[in-house]
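Following: one structure in structure tokens, then a few remarks.
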Amino acid sequence: MAVISELEARAVAAGFALELFDRLPDVVFFIKDTSGRYVAVNETLVRRLGLNGKADLLGRTTRDLFPAPLGERYLAQDLAVCRSGREISDLLELHLYPNHQEGWCVTTKVPVRSGDDTVIGLAGTSRDVHTPALGPGSLQDLAGAVRHIHEHFDRPLRVERLAAMARMSAYQFTRRTRLLFGLTPAQLIIKTRVDAARRMLRESDAPIGRIAGACGYCDQSALTRQFKAAVGLTPAQYRERGRPR
């Protein structure tokens, strides 16, 4: 009980920050206890879950709020952070909400510690990924490399080659893509390939193995591993989820 009270006190102390996060429609913010139960949230998460207010989330876990198996996956992340004391940083995920809204996010979860360094919970954010419109001028070369990713995601893509296309070093290219997209080049490639796979799964009955090849994966198992890591569902589960019931 004392640990929960200390975490709740931290949440109250973070009230000013919560007011700020309430005004950020593209950022989800939360604080959870070591069992993964919400202690504090911002309004963005409330809206995306289709709930009436923050009180509808407090004391509940993602298992209670998100469809299976996603709720279990998010909860497992939370418990791993609390048990290991290690943060999850810049994890690219596709969030699927109960109202069937979908959106790419970059998630960070960090342990919250008491005065004696005991982990008493976690705090985290999920920031929406926005794709900027790349215009002429200084961004023209970068735009060409990004177009190459979108037009040739079915082929092997190396960061060094993409950087050369943009007339930059690999370091400069990575820095610029993070600045514009909030993603590393590798994350941008994953997002592009998984987005293409999602589209094919929704719009066709093509075998998953064929979709894997069309999206740049060596085989179906490679697609399944990366798709599940990003989406929380296997390609087959994602296809089934989108079918009329």
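Here are the numbers for the structure shown:
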read-out: Count of residues meeting criterion [free of Cβ contacts under 8 Å to residues at least 40 places away in the same chain and either under 20 Å from Val46 (Cα atoms) or in a strand (DSSP E or B) (or both)] in region 103-117; value: 7
read-out: Qualifying residue in region 66-88 (condition: in a strand (DSSP E or B) and within 24 Å of Ile189 (Cα to Cα)); value: yes
read-out: Subset of region 25-48 (residues that are part of a loop (DSSP other than H, G, I, E, B) and either under 23 Å from Val81 (Cα atoms) or not assigned by TED's automatic domain parsing to the domain that holds Thr107 (or both)); value: Thr34, Ser35, Gly36, Arg37, Asn42
read-out: Answer from Gly232, Gly216 - the residue that is of a type outside the set (A, V, I, L, M, F, W, C), at pLDDT below 95 and at positive phi; value: Gly232
read-out: Residues satisfying the stated conditions in region 180-238, i.e. under 16 Å from the mean Cα position of the chain (by Cα) and of a type in the set (Asp, Glu); value: Asp195
read-out: Tally of residues being under 25 Å from Arg127 (Cβ atoms) and modelled with pLDDT of 95 or more across region 199-213; value: 0
read-out: Val39 being modelled with pLDDT of 90 or more, more than 17 Å from the chain's Cα centre (by Cα) and either within 30 Å of Pro235 (Cα to Cα) or of a type in the set (A, V, I, L, M, F, W, C) (or both); value: yes
read-out: Tally of residues being touching a Phe, Trp or Tyr at 6+ places or on another chain (Cβ under 6 Å) and surrounded by fewer than 20 Cβ atoms within 10 Å (Cβ to Cβ) across region 153-191; value: 0
read-out: Region 49-65 - residue that is of a type in the set (Gly, Ala, Ser) and not in a helix (DSSP H, G or I) and, of those, nearest to Val112 (Cα to Cα); value: Gly59
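This table checks each residue for (1) exposed (fewer than 14 other Cβ atoms within 10 Å of the Cβ); (2) of a type in the set (Asp, Glu); (3) modelled with pLDDT of 90 or more.
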| residue | (1), (2), (3) |
| --- | --- |
| Leu91 | no, no, no |
| His95 | no, no, no |
| Cys105 | no, no, no |
| Val112 | no, no, yes |
| Gly115 | yes, no, no |
| Ser126 | no, no, yes |
| Leu134 | no, no, no |
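The values are calculated or read from the model by the stated rules, or taken from the named source; none is laboratory data. All of these numbers come straight from a predicted model, not from anything done at the bench. All Cβ positions, glycine included, derive from the backbone under ideal geometry; neighbour counts span all protein chains shown.
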